[in-house]
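One structure below.
The values are calculated or read from the model by the stated rules, or taken from the named source; none is laboratory data. These figures come from a predicted structure and were not determined experimentally. Cβ placement follows ideal geometry from the backbone for every residue including glycine, while neighbour counts extend to all protein chains displayed.
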Amino acid sequence: MLLDLDSQLSAFRSTHRLIRTSFADATWSYVVGGRGPNTLLLLPGAPGIAEMAFPYIVAFERHHRVIAPSYPANVGSLEQLLAGLDGLLAAETTGPIHLIGASYSGLVAQYLVGRDPGQVSSLLIGDTGVARRDRAFVLGVAIAAIARVPRLGFHAMLATVLRYVLKGNTPAHCFWQRYFKGVVAALTVPEFVNRVRVMIEMDRHGHRIPLAARWDGPTLLLETANDPLFSAAERTALRARYPQAEIHTFYSQGHITALTRFPEYIVVMEDFLARHRA
């Protein structure tokens, strides 16, 4: 049974301080916790907030050193995002890392491992897909319109989207509905546009970069069978990109299974990590 998530988040905030440093002309904030010979880089989802992964950070830091960054609001290009992550890794690690990314950051992780496969010990990506040029076009049209929307209208639009994405009435769903209400209230239009611009670049350039051509290391793909954001065709393409991957499918509705059923995700991921420790 899930413990009270509000209490868990409060405890996490009281025991984990944000480190702030400049990388690639942007101020990054990140959490470092745990210790051990293995370091995990835990990338955030689309909101770009490190603490959203607090159940995972707390679980993994029992046996590993965990680095969990937030994405800076003013980073609006894929190259700047990857350069910032390079700077973070250079500052905080001395050897290969276990790379974890889900949803939006499942794509970021694919670019990062393609950029320097030698710095990755294993790759764990969940609830994500592959780059799609058709999506880049749609997102480009969308942000051109969103950039002109007043902030109140922008927040109302996001609230409508989140009601669909976060639909559910379990205690976990209710917690994340409250949490994301706060995220939306703090989000600015320029930050949102920057995040989408990075997604557009990931979608546009995926065909040019052999993301997995040199990566055949240990890989775990976690997927939700009925994910409304990443289709079955995308998941099939992702499996083809990493034919060596272990695959674990969760049979659930929606895109936030990694949040609402995180204990199950953690069990699968910890088993994989235990088998691929340095």
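Scanning the stretch 28-65 for residues that are under 14 Å from Ser105 (Cβ atoms) and assigned to a strand (DSSP E or B) returns Tyr30, Leu40, Leu41, Leu42.
Residues in the stretch 79-111 that are polar (S, T, N, Q) and touching a residue at least 24 places away in the same chain (Cβ under 8 Å) were compared, and the one that is surrounded by the fewest Cβ atoms within 10 Å (Cβ to Cβ) is Thr93.
Per the conditions (1) surrounded by 22 or more Cβ atoms within 10 Å (Cβ to Cβ); (2) under 21 Å from Ala50 (Cα atoms); (3) of a type outside the set (Lys, Arg), the sole criterion not satisfied by Ala131 is (2). Inclusion of Ser231 among residues that are more than 21 Å from Gly114 (Cβ to Cβ), out of contact with any Lys or Arg (no Cβ under 8 Å at 6 or more places or on another chain) and hydroxyl-bearing (Ser, Thr, Tyr) is warranted.
Quick check on the stretch 202-211. Is at least one of its residues at pLDDT 90 or above and either part of a loop (DSSP other than H, G, I, E, B) or aliphatic (A, V, I, L, M) (or both)? Yes, that holds for at least one residue.
Which residue out of Ala90, Ala73 is among the small types (Gly, Ala, Ser), within 19 Å of Leu123 (Cα to Cα) and more than 11 Å from the chain's Cα centre (by Cα)?
Ala90
Only residues that are more than 17 Å from the chain's Cα centre (by Cα) and among the charged types (D, E, K, R) were counted in the stretch 165-203, giving 3. State whether one or more residues within the stretch 64-72 are crowded, with 18+ Cβ neighbours inside 10 Å, touching a strand residue (DSSP E or B) at 6+ places or on another chain (Cβ under 7 Å) and more than 25 Å from Pro218 (Cα to Cα). Yes: one or more hits.
For Leu221, the conditions (1) at pLDDT below 90; (2) not in a helix (DSSP H, G or I) all hold with the exception of (1). Would you check which residues across the stretch 1-33 are without any contact (Cβ under 8 Å) to a residue 40 or more places away in the chain and buried (at least 18 other Cβ atoms within 10 Å of the Cβ) and list them? Matches in the stretch 1-33: Val31, Gly33. Residues that are among the polar types (S, T, N, Q) and more than 16 Å from the chain's Cα centre (by Cα) were ranked within the stretch 221-278; the one that is nearest to Phe180 (Cα to Cα) is Gln253. For the stretch 55-99, enumerate the residues that are over 16 Å from Met269 (Cα atoms) and of a type in the set (D, E, K, R). The answer is Glu79, Asp86, Glu92.
Kindly provide the set of residues from the stretch 259-274 that are closer than 15 Å to Ile247 by Cα and either in contact with a strand residue (DSSP E or B) (Cβ under 6 Å, 6 or more places away or on another chain) or not aromatic (Phe, Trp, Tyr) (or both), ordered by number.
Matches in the stretch 259-274: Glu264, Ile266, Val267, Val268, Met269, Glu270, Asp271, Phe272, Leu273.
Against the numbered list (1) in a helix (DSSP H, G or I); (2) among the basic types (Lys, Arg); (3) touching a strand residue (DSSP E or B) at 6+ places or on another chain (Cβ under 9 Å), Arg13 comes up short only at (3). For the structure I just gave you, tell me whether Pro47 is exposed (fewer than 14 other Cβ atoms within 10 Å of the Cβ) and either touching a residue at least 60 places away in the same chain (Cβ under 8 Å) or closer than 20 Å to Glu264 by Cβ (or both). No, not satisfied. Scan the stretch 1-31 for residues that are within 20 Å of Phe262 (Cα to Cα) and of a type in the set (A, V, I, L, M) and the total you get is 7.
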